[in-house]
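Structure first, commentary second.
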Amino acid sequence: MNVRPVELEDLLRFELTSNAQISPDGKTIIYSVKRIDSKKNKYFTRLWIADVATAKSRPFTSDWHSDSGARWSPDGSQIAFVSNRDKPGDQIYLIPSDGGEASPLTVLAEGSAEALAWSPDGKRIAFLFRKTPPTFAEENTNERKESGASFPVRRHSKLFYRLDAFGYFDGAYSQIWVVDV
């Protein structure tokens with residue numbers, strides 16, 4: 001048996017699963033799979049769906065953007081999730097649970113949406129939203145146009161300025177929002 005040490009390139013092949021959610025009827029599970037694209041130096045996350053009885057899984061959403069935080073509607077007919085497929089920032093999308101095209105539910109300003117929760121009657125979705133401060137968003141847009149860079153330089157005046165899986169503090173904080181389905 002040939003055994004070799006783990007190399008840096010091996011880490012780029014890892015795919016991380018998270019956030020498994022079982023359907024209301026208990027027959028299907030939807031979950032996120034995150035992968036690294038080494039050429040683009042970027043993470044991409046897509047939703048996968050698994051049949052509980054057969055244990056077979058398949059991709060549920062397309063690649064090349066990030067879809068996460070999937071939640072089943074109370075009747076199991078729809079799935080709400082957060083995606084960055086359209087700009088600006090994260091938006092909430094709905095997709096029929098039997099597949100099809102995802103349609104945007106929100107048109108939020110640049111920021112971060114997470115922690116989706118359906119109301120028991122399936123008519124509303126509550127979520128956390130952390131809006132990017134308007135001054136940074138405006139400076140960001142102008143700097144992107146002038147420099148052609150995808151991400152502008154950030155200037156921080158505090159040592160504690162960001163957390164992994166949260167992002168930059170920039171004076172923003174999460175608020176509870178509710179949207180009608």
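A few comments on the model shown:
- Matching residues, the range 1-29, being assigned to a strand (DSSP E or B) and either of a type in the set (Lys, Arg) or under 19 Å from the mean Cα position of the chain (by Cα) (or both): Glu15, Leu16, Thr17, Ser18, Asn19, Ala20, Gln21, Ile22, Ile29
- Within the range 13-24, the residues that satisfy the criterion of being hydrophobic (A, V, I, L, M, F, W, C) and either closer than 12 Å to Leu47 by Cα or open to solvent by less than 70 Å² (accessible area, probe 1.4 Å) (or both) are Leu16, Ala20.
- One residue alone among Asp25, Asp51 is within 30 Å of Pro74 (Cβ to Cβ), in contact (Cβ under 8 Å) with a residue 40 or more places away in the chain and among the charged types (D, E, K, R), and that residue is Asp25.
- All of Ala113, Ala165 fail the test of being within 15 Å of the chain's Cα centre (by Cα) and modelled with pLDDT under 65, apart from Ala165.
- Here Lys27 meets each of (1) farther than 16 Å from Ser97 by Cβ; (2) open to solvent by 100 Å² or more (accessible area, probe 1.4 Å); (3) in contact with a strand residue (DSSP E or B) (Cβ under 8 Å, 6 or more places away or on another chain) with one exception, condition (1).
- Residues within the range 116-159 that are among the aromatic types (Phe, Trp, Tyr), more than 16 Å from Asp90 (Cα to Cα) and modelled with pLDDT of 70 or more, tallied: 1
- The range 30-120 holds strands (runs of 3 or more DSSP E) entirely within its bounds, and those carrying 3 or more residues that are open to solvent by 20 Å² or more (accessible area, probe 1.4 Å) map to 42-51, 57-59, 67-72, 111-118.
The values are calculated or read from the model by the stated rules, or taken from the named source; none is laboratory data. Computed from a prediction, not measured in an experiment: that's the story for all the values here. So basically every Cβ, Gly included, is an ideal-geometry build from the backbone, and we count neighbours across all protein chains shown. Each accessible area value is taken on the protein alone, full model and side chains, heavy atoms only, with ligands, DNA and RNA left out. Shrake-Rupley method; radii C 1.70, N 1.55, O 1.52, S 1.80 Å.
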